[in-house]
């Protein structure tokens, strides 16, 4: 087996640490190459007083720096941007976006890819779009007839996972969060927890959550989104993070069945 490699594909800076920081730290600490593709720089994600808003261009620079600090804290191998604008990922040219991700897949050659599920966890259009682009890119990356300007050889991903929020985790954090709904196209969207029986994979990473919490704290401009969780004592915050680690195995070429996995690389090691 060649060196184990994990690729996460998300939409914004902070998706990685807040969504699955403990898991990424765990695999990086175990010697797995952990790579991140981020679709945007989060340019529109300002949560402070409006008169203090630095503007989208400067905010993008701030959030990129925060992400680089978080990546370093987690021990990840690489970071790549797709250079789309925050809030407009779903409006990106799909052919271009897919080709960009294919190029990264063929360059990195990961066995495992993790991205957002079909609902984007809570209906965020950018999350939904990057998940769809990633699904398509995995198919295209393995197709010898799909050519890109990079000229890289095809690569077949062995396993695809969706990062999901289980009911138990959402029930735990909901009292500490502000309103988790927001309007899109005249409809109200919000968190849609996955039933516990839907979770195919649970990663035990509690011993790595102190590092994950430090990575989250690197995203200083985004801590307001955590509500009261951001003000928790570190030990309490770590206990909350330890309840993450829920994933849905969207496809696997090496294993199956309803036994809950405890390792992304089950069937590959």
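The values are calculated or read from the model by the stated rules, or taken from the named source; none is laboratory data. From a predicted model like this one, the values you see are computed outputs, not experimental measurements. So basically every Cβ, Gly included, is an ideal-geometry build from the backbone, and we count neighbours across all protein chains shown.
Residue 51 meets each of the listed conditions (1) in a loop (DSSP other than H, G, I, E, B); (2) modelled with pLDDT under 95 apart from (1).
In summary, strands (runs of 3 or more DSSP E) completely within segment 105-212 and bearing 2 or more residues that are in contact with a helix residue (DSSP H, G or I) (Cβ under 7 Å, 6 or more places away or on another chain) occur at 112-115, 159-163. The set of residues in segment 86-100 being crowded, with 17+ Cβ neighbours inside 10 Å and farther than 29 Å from residue 214 by Cβ consists of 90, 92, 97, 98, 99, 100. Of the listed requirements (1) under 29 Å from residue 208 (Cβ atoms); (2) in contact with a helix residue (DSSP H, G or I) (Cβ under 8 Å, 6 or more places away or on another chain), residue 65 misses just one: (2). Screening residue 214 against (1) at pLDDT 95 or above; (2) farther than 19 Å from residue 27 by Cα; (3) out of contact with any strand residue (DSSP E or B) (no Cβ under 6 Å at 6 or more places or on another chain) leaves a single unmet condition, (2).
If you go through segment 1-25 and keep only what is under 25 Å from residue 85 (Cβ atoms), assigned to a loop (DSSP other than H, G, I, E, B) and in contact with a strand residue (DSSP E or B) (Cβ under 7 Å, 6 or more places away or on another chain), you end up with 11, 12, 13.
Within segment 26-47, take every residue that is closer than 22 Å to residue 214 by Cβ and assigned to a loop (DSSP other than H, G, I, E, B) and give me the one that is modelled with the lowest pLDDT. Checking each candidate, the answer is 47. Might you let me know whether segment 233-255 holds any residue that is part of a loop (DSSP other than H, G, I, E, B), over 19 Å from the mean Cα position of the chain (by Cα), surrounded by 12 or more Cβ atoms within 10 Å (Cβ to Cβ) and modelled with pLDDT under 95? For segment 233-255, residues part of a loop (DSSP other than H, G, I, E, B), over 19 Å from the mean Cα position of the chain (by Cα), surrounded by 12 or more Cβ atoms within 10 Å (Cβ to Cβ) and modelled with pLDDT under 95: absent.
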